[in-house]
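The values are calculated or read from the model by the stated rules, or taken from the named source; none is laboratory data. In this text the structure is predicted, and so the values were computed from the model without any measurement. Neighbour counts are summed over all protein chains in view; Cβ atoms, including those assigned to glycine, are modelled from backbone coordinates with ideal geometry.
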Amino acid sequence: MIDLSGVLEQLKSRFGERSWDYSEFHSNQRLVVAADQCFSVLEFLKKTCGFDMLIDVTCVDYLHYRGAKDRFGLVYIVLNTVTGQRLIVRAFLNEPELTIPSVVPLWEGANWMEREVFDMYGIVFAGHPDLRRILLPDEFIGFPLRKDYPLRGRGERHNFERITRGEG
Amino acid sequence: MEISVPENVALTKLDWLASWCRKNSLWPMPFATACCGIELMATGASRHDVARFGAEVFRFSPRQCDLMIVAGRVTMKMLPVLQRIWLQMPEPKWCISMGACASTGGIFDTYAVVQGIDRFVPVDMYVPGCPPRPEQLIQAIIDLQDKIQREGSFAGNEFITEARQQPKRALQEFELGQLPRSLPIVGGKA
C-alpha cells in the first residue's frame with residue numbers, strides 16, 4: 001500500500017476538509033465524493049496529483065443492500081503510473097437524477113467503460129461523445145444489472161423467430 | 001427370360017446411395033462460442049482425428065458446409081447470427097448441439113442466454129457434457145451418420161415431413177402470444 005498522505009493534503013487544500021471522505025479497507029484506498037464534485041476532484045487528481053491512468057469505471061446497485069442509503073455507487077479507479085499510487089473514487093447517485101459528468105475529456109479510455117455502465121445501469125454521462133449501448137443489442141429495453149431487473153429477463157431470450165426444417 | 005447382372009455392377013437404391021455419400025463426407029461449420037469449441041478443435045486435431053469419419057473439412061463459410069456444430073452458449077445477441085448462418089447453409093444440412101449450454105442453456109439461466117438452441121433452429125443430435133469429450137462428439141457424428149443413412153433420401157424428403165414441422169415440446173409453452181408485446185422481435189426474418 002503506497003502512502004497517499006501528500007495527495008490527501010493537496011485535496012484538502014483545494015476542496016476543504018468536509019467535502020470528501022477517505023477510508024482504507026484491505027489495502028484499498030478509497031475516497032467518497034459528492035456526485036456534483038466528482039468531475040472536479042477527478043480533474044484535480046489527474047492534472048495536479050499525476051493520476052494519469054484510469055483503470056476502471058464501474059457501478060454498484062445498492063438496492064436492498066444492508067445499511068445502504070444511496071441507490072447507485074459509481075466507482076472510478078485511478079492510477080499514478082509514476083509513483084504507483086492507486087485511488088478508488090466513489091460517488092453516489094439516486095433516482096431520478098442519474099446523471100454525472102463524463103470523464104472522457106480527462107481520459108479518452110473512459111469512453112467504452114462509461115458506455116458499459118450506461119448499458120447495464122442506465123447512468124447517463126453528460127458530455128459523453130457517443131453514449132449508446134455497447135454490449136447489449138440496440139433494441140434492448142431496460143438495464144439488466146440493476147437489482148430490480150429479473151434474473152431470467154422479461155422474455156427477451158425467447159423473443160425470436162423459429163426456423164423449422166421447411167424454411168431451411 | 002434370365003436377367004443377368006454383369007460383373008462390377010452393383011444394384012442399390014438411389015436414396016441409399018445418396019445418403020451413403022452424404023454421411024461419409026460431412027463438412028462441419030464450427031459455431032464455437034465457448035469452451036466446447038476447444039473440445040471441438042481437439043476433435044478435429046490429430047489425436048482424435050475426426051477425419052477417420054469423413055468430417056474433417058471444417059469450413060468457416062456456411063455456404064460450404066452441411067453440418068453445423070453449435071459448441072457453446074448462445075446469447076440473445078448471437079442467436080440472430082446463428083439463425084442467419086443456418087439459413088445460409090445449403091441443403092441437405094444437419095445440426096449438432098454440442099454441450100449443455102447449446103442444448104439447454106446450461107448453468108447460464110439468465111436474461112441474456114438462450115435456453116437451448118433447439119427452440120429456434122432444428123437440431124438433429126444433442127451431445128451432453130460440460131464440455132463433452134471429443135469421443136462423445138465423435139459418437140454424435142457416428143449416430144448422425146446412422147440417422148442420415150436410415151432416414152435420408154435423394155430429394156431430401158425427410159426434411160419436409162409433418163413431424164419435423166412440429167415445434168419441440170419445450171417450445172409449446174412459449175407461444176409467441178404469451179410474450180410481452182412491448183419487446184421488439186430481434187433478428188430473424190421479422
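Taken over region A:107-126, residues that are surrounded by fewer than 20 Cβ atoms within 10 Å (Cβ to Cβ) and aliphatic (A, V, I, L, M) amount to 3. Report whether or not B:E158 is out of contact with any strand residue (DSSP E or B) (no Cβ under 6 Å at 6 or more places or on another chain), modelled with pLDDT under 90 and over 20 Å from A:H158 (Cα atoms). It is true that B:E158 is out of contact with any strand residue (DSSP E or B) (no Cβ under 6 Å at 6 or more places or on another chain), modelled with pLDDT under 90 and over 20 Å from A:H158 (Cα atoms). Summed over region B:127-161, residues that are aromatic (F, W, Y) and more than 10 Å from chain A (Cβ to nearest Cβ) total 1. Determine whether B:L11 is at pLDDT below 90, out of contact with any strand residue (DSSP E or B) (no Cβ under 7 Å at 6 or more places or on another chain) and either assigned to a helix (DSSP H, G or I) or of a type outside the set (F, W, Y) (or both). It is true that B:L11 is at pLDDT below 90, out of contact with any strand residue (DSSP E or B) (no Cβ under 7 Å at 6 or more places or on another chain) and either assigned to a helix (DSSP H, G or I) or of a type outside the set (F, W, Y) (or both).
Out of B:R73, B:R59, one residue alone is surrounded by fewer than 19 Cβ atoms within 10 Å (Cβ to Cβ), under 16 Å from the mean Cα position of the chain (by Cα) and not in a helix (DSSP H, G or I). It is B:R59. Under the condition of being out of contact with any helix residue (DSSP H, G or I) (no Cβ under 7 Å at 6 or more places or on another chain) and within 11 Å of chain B (Cβ to nearest Cβ), the residues counted in region A:121-139 number 3. Among residues of region B:138-167 that are under 29 Å from B:M41 (Cβ atoms), those with a beta-carbon under 6 Å from a residue that is at pLDDT 85 or above and assigned to a helix (DSSP H, G or I) at least six positions away or on a different chain give the pairs B:I141/B:F53; B:Q145/B:K23; B:I148/B:S19; B:I148/B:R22; B:I148/B:K23; B:Q149/B:S19; B:Q149/B:K23; B:G152/B:S19. The set of residues in region A:9-32 being surrounded by 12 or more Cβ atoms within 10 Å (Cβ to Cβ) and either of a type outside the set (A, V, I, L, M) or modelled with pLDDT under 85 (or both) consists of A:Q10, A:L11, A:K12, A:R14, A:F15, A:S19, A:W20, A:Y22, A:N28, A:Q29, A:R30. Of the strands (runs of 3 or more DSSP E) entirely within region A:1-68, those holding at least 2 residues that are free of Cβ contacts under 8 Å to residues at least 40 places away in the same chain, out of contact with any Pro (no Cβ under 8 Å at 6 or more places or on another chain) and among the hydrophobic types (A, V, I, L, M, F, W, C) occupy A:20-25, A:53-61. For residues in region B:76-117 being more than 25 Å from A:F143 (Cα to Cα) and part of a loop (DSSP other than H, G, I, E, B), which is modelled with the lowest pLDDT? Across region B:76-117, the extreme among qualifying residues is B:E91. Do we have A:G73 as of a type in the set (G, A, S), assigned to a loop (DSSP other than H, G, I, E, B) and over 17 Å from A:Q10 (Cβ atoms) here? When the stated conditions are applied, A:G73 does not pass them. When region B:74-126 is examined, which residues are found to be over 20 Å from A:N159 (Cβ atoms), in contact with a Leu (Cβ under 9 Å, 6 or more places away or on another chain) and either within 7 Å of chain A (Cβ to nearest Cβ) or among the charged types (D, E, K, R) (or both)? Those that are over 20 Å from A:N159 (Cβ atoms), in contact with a Leu (Cβ under 9 Å, 6 or more places away or on another chain) and either within 7 Å of chain A (Cβ to nearest Cβ) or among the charged types (D, E, K, R) (or both): B:K93, B:D124.
Of the numbered criteria (1) at pLDDT 90 or above; (2) exposed (fewer than 14 other Cβ atoms within 10 Å of the Cβ), the one A:R71 fails is (2).
Taken together, A:R154, A:R86, A:R165 contain a single residue that is out of contact with any Lys or Arg (no Cβ under 9 Å at 6 or more places or on another chain), of a type in the set (K, R) and within 14 Å of another protein chain (Cβ to nearest Cβ), which is A:R154.
Checking each residue in region B:76-111 for being of a type in the set (A, V, I, L, M, F, W, C) and surrounded by 23 or more Cβ atoms within 10 Å (Cβ to Cβ) picks out B:L79, B:L82, B:W94, B:C95, B:I96, B:M98, B:C101, B:A102.
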